[in-house]
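Have a look at the structure below, then the notes.
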């Protein structure tokens, strides 16, 4: 049974949501504060509301991500795009904006779980100029230094490195890294590309206007 940590302090939201998720076959533990969420045992997924009484939800998200690679879906009432951009940069795998439909939420939970629990294919490390990716342990190095990536950032970089130097369309990346039934804005892809560039090098991933992205030509032979 998939275990979900529901972090929500409003009982008018948490009680029906917990009951609904349990009817869908999930095991749900409720945490009503950020501190309780950080002290909770390991779960398969965290559903994190930002409006907590003790800690800023962004701090909780960042702390959870620093401690593990557990998938995190953030629930926010904030409409400002910068808040959502920041959450993705802090390590959230997805977000939903209130008010949201229950079926949409369940679909997102299942899509995130499919992506994060898929077994990586056994293959040799990919080396492309200063970039090295070892898919067996999901480890990335750039110029010999380890790069700390969120699960989604790793999946995106690995998708580009599957055929290094080749153009990959935005649609292909969203389908492969998120889901063909992705509910969110395609801005999410741009946010993750920007974060990868910041963590490696601004020239590593090239934008192909009207198409998508590719890894920059390798410089290993120069």
**Request:** Using all C-alpha to C-alpha distances in the range 3-117, build P(r) with 5 Å bins and read off the rounded percent in each one.
**Result:** 2, 12, 25, 28, 22, 10, 1
**Request:** State, to one decimal in nm, how far the label point of residue 68 lies from the label point of residue 124, with both points 7 Å from Cα in the Cβ direction.
**Result:** 3.6
**Theoretical FRET efficiency, 1/(1+(r/R0)^6), r = Cβ-Cβ of residue 106 and residue 15, R0 22 Å, to 0.05** = 0.85
**Message:** At 7 Å along Cα-to-Cβ for each site, give me the label-to-label distance between residue 175 and residue 86 in nm.
**Reply:** 3.6
**All-pairs Cα distance distribution in the range 126-215, expressed in whole percent, bin size 5 Å** = 3, 14, 28, 28, 18, 8, 2, 0
**Request:** Per DSSP H run of at least 4 residues, take -39500 (n - 2.57); add these up for the chain, divide by its residues and hand me the 222 nm value, nearest 500 deg cm²/dmol.
**Result:** -11500 deg cm²/dmol
**Theoretical gain in end-to-end length, residue 1 to residue 98 [0.36 nm per residue, Cα-Cα removed]** = 32.2 nm
**Prompt:** In nm, what is the difference between 0.36 nm times the number of residues separating residue 41 and residue 203 and their Cα-Cα distance?
**Reply:** 54.3 nm
**Prompt:** What does the convex hull of the alpha-carbon atoms of the chain project to on average, in nm²?
**Reply:** 12.6
**Asked** How much length is gained on full extension from residue 143 to residue 162, taking 0.36 nm per residue of separation minus their Cα-Cα distance?
**Response** 4.9 nm
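No lab work stands behind these numbers, since they all come straight from the coordinates. These numbers come from a predicted model, not from an experiment. As a convention, Cβ positions derive from the backbone with ideal geometry for all residues, glycine included, and neighbour counts pool all protein chains shown.
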